[in-house]
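Inspection log for the structure reproduced underneath, given as structure tokens.
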Amino acid sequence: MNAVAIICEYNPFHSGHAYHIAQAKALSGADCVLGMMSGFFTQRAEPAVVSPQIRALAALRGGMDIVAEMPAVFSCSAGNIFARGAVRAISRIPFVKYLAMGAEDCGETVKNIAEVQCEQNQTYVNALKNALSDGMPYAAALTRATVSAAPKIKDCEQVLSKPNNVLAVEYLKAIYELNCDIAPVFVKRLGNGYNSTETVGKYISAAAARELLGQKRYGELQPYVPKESFELMIDEFERYPVNQKLYEALSVHALRTKNIANAFDSAEGLDIKISENAAKYASLSQIIAKSKSKRYTMSRIKRICLQTLLGITRETVQRSQNAAARLIAIKKARKSLINGLTGLAVKNADYSNLSDDALFSAQTDALAGSIYSLITSKDGNAFWNRKLITE
């Protein structure tokens, strides 16, 4: 049995994702597809538009065989932590032989860039240090350093300006640095750009799908969602929509009462600026906007706010090496593979059986599930109180 893994969010699941699954299987020649998916909160540092269970079920109906939920400590972190945590979790499963990743450009170019960033020659190190000293955001500094160290890589800066390429580089770096026996498979991204909200063409972005969903323009969204999961998603969204005002209130309360300096992405007095704005403004979006600067992007500020709410600290990340993903959905025809999903939790008791650190990290997932239950008006805890989905 050989499986190809996809690190994903499916926020929400759409036809472009179904295409990616089909291409991943075809290009790798794998027998099945396993998804390592974000849970209640995504890498954008926002609540997912619908629950992980519904997104996982949509993925099964869209061609995936197994879906595991990524620990929140990874899904709510910057791209390098997100990628490394997901790759480590995947690498524990012996029958996963491939990792399929979307990319806007040539896979060989992406691999060359990843190798340069892993090697970190003196030119790279000096350029990165100087860029950070100039006050550049880390992502921009990384691009400058890579371009300086690899002048022969064609259009390097342009390649690193595209989100899927950047994440693919992080996946490759994680594979190299963790010495994983996993082969990369590159799926060419089709359709509109990652952040595009255009609704033209055969494939739209998840950002466009979220906008149509949020505005309840279901008729316009329908052509871009596989028919097997469209009604499922709309029903969940109508019954349990995210209460954004409640989410903001909980977040602002956390910023006013918790030590923001403990958040993993907090550094260099950022906590002071955010704390001052949290004391002044009641709107989370305004706090984030007022805290943004040339050096610190809105994405990072959003992550710090969410990490403060969920208690994701340096200790949390330090102990995350043994954090366990959770199996949340599997096709009935693949249930025989459950025993081979090493390092994953299938039921609540598995966390304590795996390790103390696995149980420690699961507490963050549980808090994320509890908050998600509150903001979607679902009874119980969305993390602990659930059963394995099979179809």
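The values are calculated or read from the model by the stated rules, or taken from the named source; none is laboratory data. In this text the structure is predicted, and so the values were computed from the model without any measurement. Cβ placement follows ideal geometry from the backbone for every residue including glycine, while neighbour counts extend to all protein chains displayed.
Here are some notes:
- Top-ranked residue of the range 259-282 - restricted to ones that are surrounded by fewer than 18 Cβ atoms within 10 Å (Cβ to Cβ) and under 22 Å from LEU367 (Cα atoms), ranked as nearest to the chain's Cα centre (by Cα): ASN262
- Hits in the range 176-195 - residues which are assigned to a loop (DSSP other than H, G, I, E, B), at pLDDT 95 or above and within 26 Å of ALA206 (Cβ to Cβ): ILE182
- Hey, SER355 more than 21 Å from the chain's Cα centre (by Cα) and closer than 16 Å to ARG92 by Cβ or not: yes
- The range 13-24, subset in contact (Cβ under 8 Å) with a residue 60 or more places away in the chain and out of contact with any Phe, Trp or Tyr (no Cβ under 8 Å at 6 or more places or on another chain), residue farthest from LEU309 (Cα to Cα): GLN23
Yes/no matrix, rows are residues, columns are (1) of a type in the set (Ser, Thr, Tyr); (2) buried (at least 21 other Cβ atoms within 10 Å of the Cβ); (3) farther than 24 Å from ALA140 by Cα; (4) touching a Pro at 6+ places or on another chain (Cβ under 6 Å):
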site	(1), (2), (3), (4)
ILE21	no, yes, yes, no
LEU27	no, no, yes, no
GLY35	no, yes, yes, no
SER38	yes, yes, yes, no
ILE54	no, yes, yes, no
ASP65	no, yes, yes, no
ARG92	no, no, yes, no
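- Output for the range 1-56, where each listed residue is in contact with a Ser or Thr (Cβ under 9 Å, 6 or more places away or on another chain) and at positive phi: TYR10, ALA45
- Which numbered condition ILE301 misses (of (1) buried (at least 17 other Cβ atoms within 10 Å of the Cβ); (2) out of contact with any strand residue (DSSP E or B) (no Cβ under 8 Å at 6 or more places or on another chain); (3) of a type outside the set (Gly, Ala, Ser); (4) in contact (Cβ under 8 Å) with a residue 40 or more places away in the chain): (4)
- Every pair of residues 6+ apart whose Cβ atoms lie under 7 Å, when the first sits in the range 368-389 and is free of Cβ contacts under 8 Å to residues at least 40 places away in the same chain while the second is assigned to a loop (DSSP other than H, G, I, E, B) and crowded, with 17+ Cβ neighbours inside 10 Å: SER370/ASN381; SER373/ASN381; SER373/ALA382
- Verdict on ASN322 being touching a Leu at 6+ places or on another chain (Cβ under 9 Å) and farther than 21 Å from TYR10 by Cβ: yes
- Filtered residues of the range 116-139 (kept if hydrophobic (A, V, I, L, M, F, W, C) and either crowded, with 18+ Cβ neighbours inside 10 Å or more than 29 Å from LEU190 (Cβ to Cβ) (or both)): VAL116, VAL125, ALA127, LEU128, ALA131, LEU132, MET136
- Restricting attention to the range 347-391 and to residues that are of a type in the set (Phe, Trp, Tyr) and touching a helix residue (DSSP H, G or I) at 6+ places or on another chain (Cβ under 8 Å), the residue that is surrounded by the fewest Cβ atoms within 10 Å (Cβ to Cβ) turns out to be TRP384.
- From ILE328, ILE288, residue being part of a helix (DSSP H, G or I) and not aromatic (Phe, Trp, Tyr): ILE288
- Filtering the range 7-35 to residues that are under 20 Å from LEU232 (Cβ atoms) and assigned to a strand (DSSP E or B) leaves CYS8, VAL33, GLY35.
- A single member of GLU248, GLU276, GLU315 is in contact (Cβ under 8 Å) with a residue 12 or more places away in the chain, of a type in the set (Asp, Glu) and outside any strand (DSSP E or B), and it is GLU248.
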